[in-house]
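So the structure is just underneath, and the comments pick up after that.
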Amino acid sequence: MAIPSIIPPADRGYTMPEIFVTTDWLAKHIDDPNVRLVDTDVPEEYEQGHIPNSVNPVDHYYKTSIEERTHIQSPEQFEQTMSDLGIDDDTTVVGYNRGGGVYSFRLMWALHYYGHTNVKILDGGLEKWIAEDRETTKESFSAAGTAGLFTAKANPEIFASRERVLDSIDDNETIILDVRSDDEWTGANKRGGPRGGHVPGAVHLEWTNFMTEGDIPVLKTAQEIRKLLSEVGVTPDKNVITY
C-alpha cells in the first residue's frame with residue numbers, strides 16, 4: 001500500500017490536536033506499561049491481525065449487554081470493562097480501528113463520559129501502521145488483572161437525555177445532528193428497531209463525510225470540517241446534540 005501525503009494532526013487546525021498520536025509516537029511507547037492500546041473493532045477483525053500489545057473489548061458499543069444496546073453500561077459495568085482491558089485511573093488509553101476513527105472516538109466518548117480524559121486516537125489507524133510496514137500479530141493480548149482501580153464518575157454535561165433532546169427540538173439555539181447513514185436517516189434501514197427515520201428538526205451529515213478518502217482515512221482538517229458543518233447549520237454559536 002502506497003502511503004499518501006497526510007497532513008500531521010498538529011497542522012490540521014484542530015482546537016485539541018493533542019487527542020491524536022502518530023504511528024511514530026506509538027512505536028516509541030508501545031511497550032510503556034502505563035499505555036493501553038485498544039483495538040476497537042469487532043473481535044473477528046482483531047483476530048485477523050492487530051497491532052502488538054493491543055487489547056480488544058467484547059463489545060465496542062459499551063452497552064448494557066449484547067442483546068440490550070439502548071444504554072451505556074452502568075458505572076459498575078464500565079469499571080469492570082475497563083479493568084478487563086487493563087485500564088485504571090492513571091492509564092493513557094490509545095484507541096485505533098480500521099476504516100476511519102468511528103469506533104475509537106466512541107471509546108473516547110465513553111471514557112470521557114465516565115471521567116477519564118487521558119485518551120488518544122491513533123491517527124491513520126491500522127491502515128497507516130500496516131502501510132509503514134510495522135509489525136502486526138494474530139496473537140491475542142490480555143491485560144486483565146494488570147491495572148489498578150478504574151473509577152467511573154459520570155459527566156452528565158456531555159450526555160443528552162431523552163428529555164433534553166425533546167426540549168431541544170424547538171430550541172433555535174440547539175442543532176440536533178444526525179451522523180448516521182443515508183438509509184438510516186430516511187428510515188430505509190431500521191437497524192433492527194421498530195421504527196425508522198430521524199428526530200424531528202434534526203439535520204443530517206453522515207460521519208464518513210468528516211474522513212478523508214483513500215487507503216488511509218484520517219479526520220479532515222478543521223477548516224474542511226467547519227465548512228461541512230456550516231452547510232447544514234452547525235455553527236459555533238449553537239449548542240449541538242449528535243446521534
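Tabulated values for the structure
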item	result
Accessible area (Å², 1.4 Å probe, nearest 10) - Ile158	70
Using θ = phi - 60° and Karplus 6.51 cos²θ - 1.76 cosθ + 1.60, couplings along region 203-220 (whole Hz; Gly, Pro as x)	10, 10, 8, 4, 4, 4, 5, 7, 9, 6, 8, x, 6, 10, x, 10, 5, 5
Cα centroid separation - region 175-243 against region 85-99, whole Å	25
Fraction of accessible area attributable to carbon and sulfur, region 108-164 (%, probe 1.4 Å)	49
Top of Val55, Val232, Val102 by mean-square fluctuation, Gaussian network on the chain, Cα under 10 Å	Val232
Bins of 10 Å from zero: percent of alpha-carbon pairs in region 18-61	26, 49, 25, 0
Using θ = phi - 60° and Karplus 6.51 cos²θ - 1.76 cosθ + 1.60, couplings along region 30-46 (whole Hz; Gly, Pro as x)	5, 9, 5, x, 9, 10, 10, 8, 10, 7, 8, 7, 5, x, 4, 6, 4
Accessible area (Å², per residue) of the chain, counting only protein heavy atoms and a probe of 1.4 Å	55
Helix 102-113 vs. the chain, principal-axis angle (Cα, 0 to 90°, nearest 10)	80
Selected from Asn56, Phe210, Thr91, residue furthest toward positive end of dipole (the chain; charges at beta carbon)	Phe210
Cut-off under 5 Å, modelled amide H: who pairs with Thr242 long-range	Leu177
Prolate/oblate/rounded label for region 178-223 (Cα gyration tensor, a/c 1.5)	oblate
Cα gyration tensor shape of region 165-243, rounded if a/c is under 1.5, else prolate or oblate by comparing a/b with b/c	oblate
Relative contact order, percent, the chain [alpha-carbon distance under 8 Å, six or more residues apart]	21
Charge-dipole axis of the chain as Lys and Arg at +1 and Asp and Glu at -1 on Cβ define it, positive-most pick from Ile30, Pro17, Ser161	Ser161
Percent of beta bridges antiparallel (DSSP, region 18-115, rounded to nearest 5)	10
Size of charge dipole - region 20-100 - debye, nearest 20, with Cβ of Lys, Arg +1 and Asp, Glu -1, no other charges	260
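The values are calculated or read from the model by the stated rules, or taken from the named source; none is laboratory data. Just so it is clear, the model here is predicted, and its values are computed rather than measured. Positions of Cβ are backbone-derived with ideal geometry, glycine not excepted, and every protein chain shown enters the neighbour counts. Surface accessibility is based on the protein's heavy atoms, side chains included, excluding ligands, DNA and RNA. Shrake-Rupley method; radii C 1.70, N 1.55, O 1.52, S 1.80 Å.
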